[in-house]
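**Student:** Shown below is the structure under consideration.
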Amino acid sequence: MSHARMLRDRIEAGQTVWMAGAYDVLSARLVADAGFDAVFTTGFGVSASLLGEPDVELYTMT
């Protein structure tokens, strides 16, 4: 079963989904290793950690 399917099943069953925010790959890995059910991020979090600037689409996807 995929992680997406497991998450969807928990949501549909009304179970609590423990999530933590991450702003880069390292923090996402730490969240996953800590045992959270899911990781979320924001555009501002990624932009601020990469550039120290607000989220105005200055970064690339590569």
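**Student:** Return the sequence-ordered ³J(HN,Hα) values of the range 31-37 in whole Hz as given by the Karplus equation 6.51 cos²θ - 1.76 cosθ + 1.60 applied to θ = phi - 60°, using x for Gly and Pro.
**Tutor:** 4, 4, 5, 6, x, 5, 6
**Student:** Could you order peptides 1-14, 19-32 by the average number of other Cβ atoms within 10 Å of their residues, highest first?
**Tutor:** Averaged packing, sorted descending, gives the order 19-32, 1-14.
**Student:** Helix 3-12 against the longest principal axis of the chain: what's the angle in degrees, Cα atoms only, rounded to the nearest 10?
**Tutor:** With both axes taken from Cα atoms, the answer is about 60 degrees.
**Student:** If I model a spin label at residue 17 and residue 44 as a point 7 Å from the Cα along the Cα→Cβ vector, what separation in nanometres do I get?
**Tutor:** 2.2 nm
**Student:** Please give the calculated 222 nm ellipticity per residue for the chain, where each DSSP H segment of at least 4 residues contributes -39500 (n - 2.57) and the sum is spread over every residue; nearest 500 deg cm²/dmol?
**Tutor:** -13000 deg cm²/dmol, from helical runs alone.
**Student:** OK, next. Tell me, what is a quarter of the convex hull surface for the C-alpha atoms of the chain, in nm² with one decimal?
**Tutor:** Computed as one quarter of the Cα hull surface, the answer is 5.4 nm².
**Student:** Given the Cα-Cα distance of residue 9 and residue 34 and 0.36 nm per residue of separation, how much length would full extension add, in nm?
**Tutor:** Extra length available between residue 9 and residue 34 comes to 6.9 nm.
Bear in mind that the values in this text are calculations on the coordinates, not laboratory data. Here the structure is a predicted model, which means the values were calculated and not measured. As a convention, Cβ positions derive from the backbone with ideal geometry for all residues, glycine included, and neighbour counts pool all protein chains shown.
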